[in-house]
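S.K.: Quick one: the structure is below, and I'll ask about it shortly.
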Amino acid sequence: MINSVSINNFKIIKNLENVPLKKITLIGGKNDIGKTTFLEALFFYLDCNTREVFEKLLAWRMFSGMWIPQKTWEKFFSDSDLSNEMKISVNTDRDVNGQVIVKFLSDYETSVQIPVTDENKITTLRKNFPSLEILHSSNGSVDYQAHILCHNTFYYYINEMNQMQGQLSVFYISERMSLHEKNTEYLGILDKADKQDQILPLLKIFEPNLVRLQLINENGNNLIYADFGNKKKIPVNMLGDGFCRCLTMALIIASKNADVLLVDEVGSGIHYSSQEALWDFLIKASESYNCQIIATTHSSDTIKAFSNVINRKETSDFSYIRLGKSKNEIKPYTFSTDILSYSLSSELEIR
């Protein structure tokens with residue numbers, strides 16, 4: 001589990017130091033204050049040793065266009081200034097103090113292989129390239145180093161060192177994701193292991209009469225249907241965004257064994273009357289699979305439901321953090337359970 005995180009010069013976040021995180025943390029704040037960026041920074045840290053990490057972050061922001069190295073990389077640095085060194089530091093309950101540092105190098109010298117179109121051959125080109133250097137360290141020792149560079153239309157990922165061990169696994173769910181494209185694959189994994197029954201109690205929080213989920217092939221495509229004990233089964237996408245979003249989360253947590261689940265706008269598409277059921281679901285999922293959940297919201301209904309549910313729990317595993325601005329810098333404000341409840345009852349603005 002991640003106990004705390006510090007973020008420096010990542011997108012619009014210049015300096016957040018030692019932000020405490022709990023087993024379930026809800027992050028609020030106004031639009032464009034950095035809630036999604038906070039999740040992206042955590043994802044980047046936990047996924048920094050994969051070659052696709054930047055592509056994933058760009059895709060979630062619906063970025064499209066040609067890959068122009070420096071112009072694209074600027075999107076990830078504070079003030080779009082490539083001279084700013086990006087740094088994300090994490091402390092975990094595994095006694096690991098980890099840090100990832102990203103630097104822009106204007107003239108990194110290396111060799112790459114490029115195709116020679118006219119001759120249908122491969123040649124080796126050695127020169128100085130603009131590149132990104134990614135360094136990860138655990139407890140002060142560098143255990144990962146890579147360089148990302150581009151030449152014309154070719155993208156190169158050069159893994160110099162990868163000795164990382166025990167990295168927490170992570171999965172990110174964007175605001176627009178209700179049914180994930182791989183849900184059928186994830187359900188198949190659970191069915192093959194005869195473990196579908198593990199997620200049914202979670203889904204019954206939303207649909208009490210649910211008996212089972214079933215994969216049905218239609219015109220060569222597998223679709224997920226819900227069985228309520230009637231003769232006619234119902235496609236899950238007919239059951240509403242709330243159920244579909246929770247189905248996606250349950251399948252990911254159960255089949256991917258995610259240590260950390262990041263959920264952007266967690267209450268998106270879920271009716272206000274079902275918000276408490278959402279938190280009952282997430283808490284039960286977190287307990288059942290020992291998964292840390294860090295979510296964002298700008299919805300007062302989601303925050304109120306969160307407060308109501310955690311007030312019924314006798315544990316300190318929950319936290320609400322509001323991102324706000326002080327002297328034009330983003331700052332975190334942590335609310336205890338009591339202060340959150342008091343703020344809501346006093347109708348203070350805490351979104």
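S.K.: Kindly express, to the nearest 10 degrees and within the range 0 to 90, the angle between helix 183-192's C-alpha long axis and the longest C-alpha principal axis of the chain.
M.R.: Helix 183-192 and the main axis of the chain meet at about 70 degrees.
S.K.: In addition: For the chain, what does the helix formula give at 222 nm: sum of -39500 (n - 2.57) over DSSP H segments with n ≥ 4, over the residue count, nearest 500 deg cm²/dmol?
M.R.: Details: 9 runs with 90 residues, N = 351.
Per the formula, -7500 deg cm²/dmol.
S.K.: Using a Gaussian network model of the chain whose springs link C-alpha atoms within less than 10 Å, name the residue from LEU282, LEU323, LEU168 with the highest mean-square fluctuation.
M.R.: Between LEU282, LEU323, LEU168, it is LEU168 that shows the largest mean-square fluctuation.
S.K.: Compute, for the chain, the length of the dipole vector about the Cα centre, with Cβ point charges of +1 (Lys, Arg) and -1 (Asp, Glu) only. Units Debye, rounded to 20.
M.R.: Details: 37 positive and 42 negative charges, 90 e Å.
So the dipole magnitude of the chain works out to roughly 440 debye.
S.K.: Select from the stretch 159-248 those GluC sites (Glu not before Pro) which occupy a DSSP coil region and have at most 11 other Cβ atoms within 10 Å, ordered by residue number. Before the final figure, lay out each step's value.
M.R.: Details: sites: GLU160, GLU175, GLU181, GLU185, GLU218; in loops: GLU175, GLU181.
Passing both the DSSP loop test and the Cβ count: GLU181.
S.K.: Which three numbers, in whole Å and largest first, are the semi-axes of the equivalent ellipsoid of the stretch 23-160 derived from its Cα gyration tensor as √(5λ)? Before the final figure, lay out each step's value.
M.R.: On the way: eigenvalues 185, 73, 35 Å².
Those come to 30, 19, 13 Å.
S.K.: Taking Cα pairs under 8 Å and at least six residues apart, what relative contact order does the stretch 177-257 come out at, in percent?
M.R.: Values: 96 pairs, mean separation 31.0, N = 81.
Averaging sequence separation for qualifying contacts and normalising by length gives 38 percent for the stretch 177-257.
S.K.: Continuing with this model, one more query. Taking the Cα atoms only, what angle lies between the long axis of helix 35-46 and the longest principal axis of the chain, rounded to 10 degrees?
M.R.: 60
S.K.: For the stretch 199-290, which trypsin sites (Lys or Arg not before Pro) are both in a DSSP coil and crowded by at most 12 other Cβ atoms within 10 Å? Don't jump to the answer; show the numbers that get you there.
M.R.: Values: sites: LYS204, ARG212, LYS231, LYS232, LYS233, ARG245, LYS256, LYS284; in loops: LYS204, LYS231, LYS232, LYS233.
Listed in order of number, the matching sites are LYS231, LYS232.
S.K.: Please report the relative contact order for the chain, taking Cα pairs under 8 Å with a sequence separation of at least 6, and give it as a percent rounded to a whole number.
M.R.: Once divided by the residue count of the chain, the mean separation gives 21 percent.
We did not get these values from a lab; they are worked out from the coordinates using the rules stated. Note that this is a predicted model, so its numbers are computed, not measured. Virtual Cβ from ideal backbone geometry, glycine too; neighbours counted across all protein chains shown.
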